[in-house]
1. Which far-off residues, 5 or more places away or on another chain, put their amide H under 5 Å from the one on B:Met93, with H placed in the peptide plane?
2. At a probe radius of 1.4 Å, what is the per-residue accessible area of B:Asp55, in Å² to the nearest 10?
3. Just add up the charged neighbours of A:Ser82: K/R +1, D/E -1, any other residue whose Cβ is under 14 Å from the Cβ of A:Ser82.
4. Write down the percent of antiparallel bridges among all DSSP beta bridges whose residues are both part of the protein assembly as shown, to the nearest 5.
5. Quick check: Cα centre of segment A:43-93 to Cα centre of segment B:1-68, how many Å?
6. Run the quick spin-label model on A:Arg107 and A:Met15: label points 7 Å from Cα toward the beta carbon, then report their separation in nm to one decimal.
7. Looking at the square roots a ≥ b ≥ c of the eigenvalues of the Cα gyration tensor of segment B:21-107, which shape do they give, rounded for a/c under 1.5, prolate if a/b is larger than b/c, or oblate?
8. Please list, or write none, the lysines whose alpha carbon is within less than 29 Å of the alpha carbon of B:Lys54, excluding same-chain residues fewer than 8 places away.
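The values are calculated or read from the model by the stated rules, or taken from the named source; none is laboratory data. Owing to the predicted nature of the structure, the values given are computational and were not obtained by experimental measurement. Note that we place each Cβ from the backbone using ideal geometry, even for glycine, and neighbour counts take in every protein chain shown. Only protein heavy atoms, including side chains, enter the accessible area calculation; ligands, DNA and RNA are left aside. Shrake-Rupley method; radii C 1.70, N 1.55, O 1.52, S 1.80 Å.
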Amino acid sequence: DAGVIQSPRHEVTEMGQEVTLRCKPISGHNSLFWYRQTMMRGLELLIYFNNNVPIDDSGMPEDRFSAKMPNASFSTLKIQPSEPRDSAVYFCASSQGNGYTFGSGTRLTVV
Amino acid sequence: DQQVKQNSPSLSVQEGRISILNCDYTNSMFDYFLWYKKYPAEGPTFLISISSIKDKNEDGRFTVFLNKSAKHLSLHIVPSQPGDSAVYFCAAMGMRFGAGTRLTVKP
């Protein structure tokens, strides 16, 4: 298995633009998580899905953020419009039971 | 609301010595904890876990201790090696992470 795959690895965009981050979880994992890592707050849980259904989105900072999981093998995190304070590394992780496997992350820079 | 706290942003130890990383949590309902290690430009990787039915779990050089009454856990690395230099995250229930502690092991 190739692990959790995130794309793109790096994204630089202008303020106001829409950004879409993508994640392919490990096959067979039934939970998927989106995290944001910043220097000040470490890893923050944004949202997680169980069997493709959003369970807890209380970590999503604003309405500008949205996440979807149309099927068991794909999820997106969208920011529209993006702002400079959204600059961070965004991680996706998938899980089956108690073990979690992380992707390599997407480094987002909004200028 | 930081339910999991790692109050030391950094730690530096000499190779061969013990590294002790600490983590505190506020929610007494948390019953499963994990430690992750993260290298630059990579995602966190699972290191070791502990369930609340135990107070200690050991895996090679890594031992995690859990003190439920104090809502505190710690990760011990003995002996520390330069390759252990990374950021270590404590997580409760696999979802709530601390801010991380950067460990530097000096040769």
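1. Here B:Asp31, B:Tyr32, B:Phe33, B:Leu34 satisfy the definition.
2. Around 100 Å² of this residue is reachable by solvent.
3. -2
4. Taking every DSSP beta bridge with both residues in the protein assembly as shown, the antiparallel ones total about 90 percent.
5. Segment A:43-93 and segment B:1-68 have Cα centres spaced 25 Å from each other.
6. Between A:Arg107 and A:Met15, the simple spin-label model gives 2.2 nm.
7. In terms of gyration-tensor shape, prolate.
8. Within the straight-line limit of under 29 Å, B:Lys54 reaches these lysines: B:Lys5, B:Lys37, B:Lys38, B:Lys68, B:Lys71.
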